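Bear in mind that the values in this text are calculations on the coordinates, not laboratory data. Because the structure is a prediction, the values reported are computed rather than measured. Neighbour counts run over all protein chains shown; Cβ positions are idealised from the backbone, glycine included.
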C-alpha cells in the first residue's frame, strides 16, 4: 500500500527473505495533519503491526470514514480502490510489504481470498496446536535453542512437558470430586440437576485434564443456572445434552482458571499455552521463552544423572511463567 505523502522513519532492505519481502518499514510517532489518510492501492499484500496502540481503523468505502476496527496485527490484501486509515492519534507502526506472491509462505489463504480485505493476523494464523503462529513460534525457539550450549538437544519444545503425570492427575481429580460433592451437597435431591450431577460424578473413561475441567465446568454451569432460575423460576430437569449445549470454550477456559485458583493445578504449561500467552507477539514469546530457559538451565544443573532429560514439568513451567506475574487467563482477554 502507498500513502499519498508519508515516508517511513526506517526503511530496511531485507536480505534473508528478499525473495518474498520487498521492504520492512517503521513509522515512529507518525502524526499527519489530517485525522484520516488515503492509501492508494498497488496490488500488493502488506502486514501492518501497531506498536503503540492495539487497534487499527480502516475505511471500507467512499464517504464512510474509518468505520472498521481490527485488533492487533492486520494483513492488508490487494486492493482495487484506495481506502482510508485513522491517523487521528500519533502512532508507531511497523510493516512488511511483500513482493508479488511473496506473502503465500506466511499465510494460509491465497492472495485472492484477501482481495479488498483487512484481516486480523490472529484470524489468518488460527488457534490451537496446529495454528500457523505455533508452528512459526516453534521454529523461532528451536533456532535460538541451537545457539546455546548449556542445555543439550536441538529442540526447545522437547523440554516442555505437555501433560500432568498420571499420579498428579489422580490426586487432583480426587480433590476435585471432593470439592464438587461439597459444593453441590444441597442439590442432591434437586431433580433439575440430577442428570448433570450424575454425569459429572461418573468415572471418566480417560483420566486427563479434560476430566478435571469437565467437573469444574459443571459446577460453573450449575451456579449460573441457579442464579438465572431465581429470576425465571424454571424447574424443568436439565438433560446432559443441554449441559453440552451450554458448555463453550469460554466456560472451559474459566474452569481451567478456577482449577488453578482452587486446587493449584498448573495453568501455564505446554507449547500451545505459551504461544497463546504471547498473543502472536514474537517479542513477548521470546521474553516468556527466556524465563522458561532459565528454568531449564537450573534443572540441567541440579538434575540427577539418571534423568534422561531436564524436563520442565507443568508445575515448574507454571512457576517460571508465574514469576512474570501473569494472572491465569489474561491472554484470552487480550486476544
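Mind checking the full-extension length gain between residue 195 and residue 22? Use 0.36 nm per residue of separation minus the Cα-Cα distance, one decimal, nm.
Gain in length upon complete extension: 56.2 nm.
For the range 167-229, what class follows from the C-alpha gyration tensor (a ≥ b ≥ c being the square roots of its eigenvalues): rounded when a/c is under 1.5, otherwise prolate if a/b is larger than b/c, else oblate?
Prolate.
Is the range 77-233 best put as rounded, prolate or oblate by its Cα gyration tensor, with a ≥ b ≥ c the root eigenvalues, rounded for a/c under 1.5, and otherwise prolate when a/b is larger than b/c, oblate when not?
Taking the square roots of the gyration eigenvalues as a ≥ b ≥ c, the range 77-233 is oblate.
If you stretched the chain out fully between residue 155 and residue 115, how much longer would it get, using 0.36 nm times the residue separation minus the C-alpha to C-alpha distance?
10.6 nm
I'd like to compare 158-166, 133-141, 265-273: which one has the highest average count of other Cβ atoms within 10 Å, and what's the full order after that?
Ranked by mean Cβ neighbours within 10 Å, highest first: 265-273, 133-141, 158-166.
Find how much the distance from residue 206 to residue 185 grows on full extension, using 0.36 nm per residue of separation minus their present alpha carbon separation; answer in nm with one decimal.
Working it through step by step, the gained length comes to 5.0 nm.
At R0 = 41 Å, how high is the FRET efficiency between residue 147 and residue 224 if r is their beta carbon distance? Nearest 0.05 is fine.
Step by step, r from the Cβ atoms, then E = 0.25.
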